[in-house]
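The values are calculated or read from the model by the stated rules, or taken from the named source; none is laboratory data. Note that the coordinates shown come from a computational prediction; the quantities given were computed from them, not determined experimentally. Note that each Cβ is placed from the backbone with ideal geometry, even for glycine, and that neighbours are counted across all protein chains shown. The area values use the complete protein model at the heavy-atom level, side chains included, leaving out ligands, DNA and RNA. Shrake-Rupley method; radii C 1.70, N 1.55, O 1.52, S 1.80 Å.
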Amino acid sequence: EPVTRHEWVASLAKALGVATPRPMPAWMAKLGGSTIELLSRSQRISNRKLRDHSDWAPATPCIRDAWPAILQPE
């Protein structure tokens, strides 16, 4: 399930038990030039081609469900 950058950050913050950080203001991204502007955008991608052409499948349907396993110390 694709998520926006805000959803990704919010779900990580929730899993860590901390407040969700505020996003960078648009005016600040513009001050940083084209590279910062690019990095501040939410760019969702699909894993459909990988799934269609291989035996790979995500372990969980969404990152929100994966955080407990990812954050668990080994």
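What the table below lists for this structure:
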{"quantity": "C-alpha long axis of helix 5-16 to longest principal axis of the chain, angle in °", "calculated": "70"}
{"quantity": "Solvent accessible area, Å² - ILE45, 1.4 Å probe, full protein context", "calculated": "140"}
{"quantity": "Alpha-carbon Debye profile of the stretch 22-74, log10 I(q)/I(0) at 0.27, 0.29, 0.30 Å⁻¹", "calculated": "-0.98, -1.05, -1.10"}
{"quantity": "Accessible surface of the chain [probe 1.4 Å, protein heavy atoms]: carbon and sulfur percent", "calculated": "59"}
{"quantity": "Average accessible area per residue (Å²) across the chain - probe 1.4 Å, nucleic acids and ligands excluded", "calculated": "87"}
{"quantity": "Vicinal HN-Hα couplings computed from phi for the stretch 52-64 (Karplus, 6.51 cos²θ - 1.76 cosθ + 1.60; Hz; Gly/Pro x)", "calculated": "5, 10, 8, 8, 5, 8, x, 6, 9, x, 8, 4, 4"}
{"quantity": "17 Å reach of a label modelled at CYS62, 7 Å along Cα-to-Cβ, counting backbone N of the stretch 1-30", "calculated": "1-16"}
